[in-house]
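Report on the structure given below.
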Amino acid sequence: MPNSKYPAHEAMNPFFEVVMKGLSGLVDGEHYFDTFADDAIFESRYHFPGWPLIIRGRANLVASLAGYGKTIRVHSGDALVAHRSQDSRVVILEYEVHGTILATGAPYDNRLISIVTIENRKIVHWRDYMDSLAAWTALNPTT
């Protein structure tokens, strides 16, 4: 996603790319953020210091993720598996992201599952599960 219309989020482009591949043909929008309905809910099913459990609204999601690139630069996303649910509105994405913790140079490798509900070709609900221990360990290395 070069030349992104979301320059504050470019450090996450590999994440956006792997997710968009998983949602291909299901949603409208060129960029990850464009696929969300204005009133969408982004729900995190993990407790991570400083991160809200629920983000309401597309604009708030865009704002919440703006600082990500100050901490982590994602260089790849892979291991994508997309599962269609019995509910035709729901797709389950499994994927991995890999990057670098900018403050320490430590590697960042995380596995995620996202349960995505789509209505009228827009995401209305995103439920996110990640390996929070992997994230915590990468961000807080022992000396």
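Within segment 24-83, the residues that satisfy the criterion of being in contact with a Gly (Cβ under 9 Å, 6 or more places away or on another chain) and of a type in the set (Ser, Thr, Tyr) are Thr35, Ser76. Given the structure, is Val116 over 16 Å from the mean Cα position of the chain (by Cα), under 14 Å from Gly22 (Cα atoms) and in contact (Cβ under 8 Å) with a residue 24 or more places away in the chain? Answer is no for this residue. I need a count of the residues in segment 51-66 that are modelled with pLDDT of 95 or more and in a loop (DSSP other than H, G, I, E, B). Qualifying residue count for the region: 1.
Scanning segment 21-50 for residues that are hydrophobic (A, V, I, L, M, F, W, C) and modelled with pLDDT under 95 yields a single hit, Phe48. Taking the criterion of being loosely packed, with under 15 Cβ neighbours inside 10 Å, polar (S, T, N, Q) and either more than 19 Å from Glu96 (Cα to Cα) or within 14 Å of the chain's Cα centre (by Cα) (or both), the only residue of segment 1-43 that qualifies is Asn3.
Number of residues in segment 97-106 that are surrounded by fewer than 17 Cβ atoms within 10 Å (Cβ to Cβ) and either over 14 Å from Pro14 (Cβ atoms) or free of Cβ contacts under 8 Å to residues at least 24 places away in the same chain (or both) equals 5. The condition (being assigned to a strand (DSSP E or B) and on the phi < 0 side of the Ramachandran plot) is satisfied by just one residue among Ser88, Ser114: Ser114. Looking only at segment 44-75, residues that are within 15 Å of Thr117 (Cβ to Cβ) and surrounded by fewer than 16 Cβ atoms within 10 Å (Cβ to Cβ) come to 3 in all.
The condition of being among the acidic types (Asp, Glu), closer than 21 Å to Val27 by Cβ and either surrounded by fewer than 16 Cβ atoms within 10 Å (Cβ to Cβ) or at pLDDT below 95 (or both) holds for only one of Asp109, Asp78, Asp131, that being Asp78.
The values are calculated or read from the model by the stated rules, or taken from the named source; none is laboratory data. Only a predicted model underlies this, so the values are computations on that prediction, with no experimental measurement involved. Positions of Cβ are generated from backbone atoms using ideal geometry, with glycine treated the same way; all protein chains shown enter the neighbour counts.
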